[in-house]
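Asks: Below are the structure tokens for one structure; questions will follow.
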Amino acid sequence: MEQAAVVLASLFVDALQFIPDHAALLLQKAAETAELAFTALGIAILIALPIGLWLGHRHRGLLLALGASSIGRALPSIALIGIFIAWLGVGFWNNTVALVILGIPPILTNAYFAVEGVDSDVVEAARGMGLSERQILTGVELPLGLPLLLAGVRIAAVFVIATATIAGIAGGGGLGEIMSNLTVYNESGVLAAALCVAAMALATAFLLSLVQRAASRRMAPRA
Amino acid sequence: MSGLRLADGGGPVIPDFGHGTACLRDNHWFCTSWVHEHWGETLQPALLQHIYLTLLAVGIGFAISFVLAIIAFRFRFLGPPLGAVSDFLYCIPSIALFLLLVPVTGLTVTTLVIPLVAYTLFVIYPNILAGLRGVPPEVLESARGMGFTRRQTFWRVELPLAVPAIMAGLRVATVSTISIATIAAVVLYYGLGGPIFEAISQPDIFRTELVAAGGLTILLALTADTLLTLLQRALTPWNRQR
């Protein structure tokens, strides 16, 4: 028992040692994964956010919003990325397309329900005050729905970072390449890469929660 | 495993698929013959393992969520910290969580189940809590008026009324678990992720195996979703119009 604990501790110590020892390699691989993940996340937001917000505002397309979320959940990301790579070949933009597809559902669904769920009395009051539909969406519904909307972006971000890593296992480079290469990098390298991915996702989620907090504070007096 | 190995010699690297039909040699998207031949030795065991893994993870996750939700329901101040912990776990990508557990729990099914349980908590726990808290105060008032004790109110009023929310959480958790469980194969050849990883780690992605195992995963998720929807209808006969 004690011996097992020692082995366990030494594995993690080795992994932590690996990080400074191979800082340049890890940074380069992490940058590859981050570039892929954030490009895809950005495109997914640009596509999904306007559609979700507008449908939610019009209270239309419930089936699309629900369907997007259930399909998004059911799709095994690793099979999807594999199919994309088998179909289009390995490449930055090919992988980006697959990640964008996986990132869209949570953003679209949450944007839809964030706006759709705003109290209809509030929206009616805004309409009665003479606000245009656009003003209602950006000035009333968006601020009120912001926490839910950003929660969707956060889920998509973690998901896309995780899947960008998997793309590496299928030959897409980045931290996944280290993870799938036990013979070259040993346990310490695989664990170190896993720690890097976890840190990247947690840091992104933390930043988004800061944005969420700042936004809701700024919006509070108006809402 | 399925007889995949590299061709020897200096020629182009083409996987040798054993008795290579034209379909397999050209690496088509779906070769019925391969699926037929490998159903018994590869796909069926993987599917059964996948179902077992999902049931185990969702079952344990549901039990933990239920206890946590009851605690947070009784002691309101515990709600936010419990929510924060499950939020935190959800932000760690599954692939990293699986790998980081290997030194602790080894190459065992336990290593696969722990992260899956952690992710189900994120979905099931808040749903149970929201369901319990969503019971209208008038209803609780009339339960009290009928002389129900606190325990009776919980089991006979609050819990039944929370069933739709609980079942919704269970459905989402089950479907996501089926999908995330494929990633578990990064540490251990187990479940439908096994053939998927085997297929994508070929020099030339083995399309038939990828499509067959990926398709089975999606079918399993859809089947589970349908069954749970039917169960929800059966459990809440008063809620038919939904």
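Asks: How big is the shadow of the Cα convex hull of chain B, averaged over all directions, in nm²?
Replies: For chain B, the mean projected area of the Cα convex hull comes to 16.7 nm².
Asks: Continuing with the same structure: Determine the shape class of the protein assembly as shown: with a ≥ b ≥ c the square roots of the Cα gyration tensor eigenvalues, call it rounded for a/c under 1.5, and otherwise prolate if a/b is greater than b/c, oblate otherwise.
Replies: Numbers: a/c = 1.65, a/b = 1.53, b/c = 1.08.
Cα axes put the protein assembly as shown in the prolate bin.
Asks: Could you work out the local net charge near residue B:176, counting Lys and Arg as +1, Asp and Glu as -1, over the other residues with Cβ closer than 13 Å to its Cβ?
Replies: Overall, the nearby charge balance is +1.
Asks: Let me ask another. Ranking request for peptides B:119-126, A:15-22, B:142-149: highest mean number of other beta-carbon atoms within 10 Å first, then the rest in descending order.
Replies: B:119-126, A:15-22, B:142-149
Asks: What is the fewest-to-most order of B:209, B:41 by other Cβ atoms lying within 10 Å of their Cβ?
Replies: By the 10 Å Cβ count, ascending, the order reads B:41, B:209.
Asks: For the residue pair residue B:130 and residue A:181, what label-to-label distance in nm results when each label sits 7 Å from Cα along the Cα-to-beta-carbon direction?
Replies: For residue B:130 paired with residue A:181, the spin-label model returns 4.3 nm.
Asks: List A:99, A:63, B:48, A:148 from most exposed to least, where exposure is judged by having the fewest other Cβ atoms within 10 Å.
Replies: In order of increasing Cβ crowding within 10 Å: A:63, B:48, A:148, A:99.
Asks: Net charge within 12 Å of residue B:135 by Cβ-Cβ distance, Lys/Arg positive one each and Asp/Glu negative one each, not counting residue B:135 itself?
Replies: -1
Asks: If I take all pairs of Cα atoms in the range A:1-135, what percentage of them are more than 17 Å from each other?
Replies: 72
Asks: Right, here's the next one. Quickly rank A:117-129, B:157-169 as a protection proxy: mean count of other C-beta atoms within 10 Å, highest first.
Replies: With the highest mean Cβ count within 10 Å placed first, the list reads B:157-169, A:117-129.
Asks: Among B:128, A:136, rank each residue by its count of other Cβ atoms within 10 Å, from fewest to most, as a rough exposure measure.
Replies: Neighbour counts put them in this order, fewest first: A:136, B:128.
Asks: Helix check for chain A. Which DSSP H runs span at least 20 Å along their own axis by Cα, with a mean Kyte-Doolittle hydropathy no less than -0.5?
Replies: Both cut-offs are met by A:2-21, A:23-58, A:92-116, A:142-167, A:182-219.
Asks: Still on this model: Under the rule that a partner needs its Cβ under 4.7 Å from the first Cβ, which Cys of chain B have none?
Replies: If one checks each Cβ against the other cysteines of chain B, B:91 turn up with nothing under 4.7 Å.
Asks: Ok, one more. Can you compute the FRET efficiency between residue B:142 and residue B:74 using 1/(1 + (r/R0)^6), with r the Cβ-Cβ distance and R0 = 22 Å? Round to the nearest 0.05.
Replies: 0.55
Asks: Now a separate question. If packing is taken as the mean number of other Cβ atoms within 10 Å per residue, what is the order of B:197-204, B:30-37, A:167-174, highest first? Walk me through the numbers before you get to the answer.
Replies: Details: B:197-204: 19.0, B:30-37: 16.1, A:167-174: 24.5.
So the order, starting with the most tightly packed, is A:167-174, B:197-204, B:30-37.
Asks: Now for a different question. What average number of partner chain Cβ atoms lie no more than 10 Å from the Cβ of the residues making up B:84-94? Before the final figure, lay out the partial values.
Replies: Details: counts 0, 0, 0, 4, 3, 0, 5, 14, 9, 15, 7.
Going residue by residue through B:84-94 and averaging, the value is 5.
Asks: Pairing the Cα long axis of helix B:109-133 with the longest principal axis of chain B, what angle in degrees results, from 0 to 90 and rounded to the nearest 10?
Replies: Relative to chain B, helix B:109-133 is tipped by roughly 30 degrees.
Asks: Shielding by partners for A:66-77, please: the mean number of other protein chain Cβ atoms within 10 Å of each residue's Cβ.
Replies: 6
Asks: On C-alpha positions alone, give me the angle between the axis of helix B:94-105 and the longest principal axis of chain B, in degrees, nearest 10.
Replies: 90
Asks: Long-range amide H contacts for residue A:90: which residues qualify at under 5 Å (H placed 1.01 Å from N, peptide plane, sequence gap of 5 or more or a different chain)?
Replies: none
Asks: Can you give the average number of partner chain beta-carbon atoms within 10 Å of each beta-carbon in peptide B:181-187, as a whole number? Before the final figure, lay out each step's value.
Replies: Working: counts 1, 5, 8, 0, 1, 9, 2.
Counting Cβ atoms of other protein chains within 10 Å of each residue's Cβ and averaging gives 4.
Asks: Turning to a different aspect of this structure: Quick one: net charge of residue A:173's neighbours, Cβ under 11 Å, K/R +1, D/E -1? Provide the component values of the computation, followed by the final result.
Replies: Details: positive: A:29; negative: A:32, A:35, A:177.
Here the count lands on -2.
Asks: So what's the back-of-envelope 222 nm ellipticity for the protein assembly as shown, counting only DSSP H runs of four-plus at -39500 (n - 2.57) apiece and dividing by all residues, rounded to 500?
Replies: -25000 deg cm²/dmol
Asks: On a 0 to 90 degree scale, rounded to 10, what angle separates helix B:159-180 from the longest Cα axis of chain B?
Replies: With both axes taken from Cα atoms, the answer is about 20 degrees.
Since every read-out is calculated from the coordinates, none of them should be taken as a lab result. Every value quoted in this text rests on a predicted model; they were computed, and no experiment measured them. Here Cβ is always computed from backbone atoms with ideal geometry, including for glycine, and neighbour counts include all displayed protein chains.
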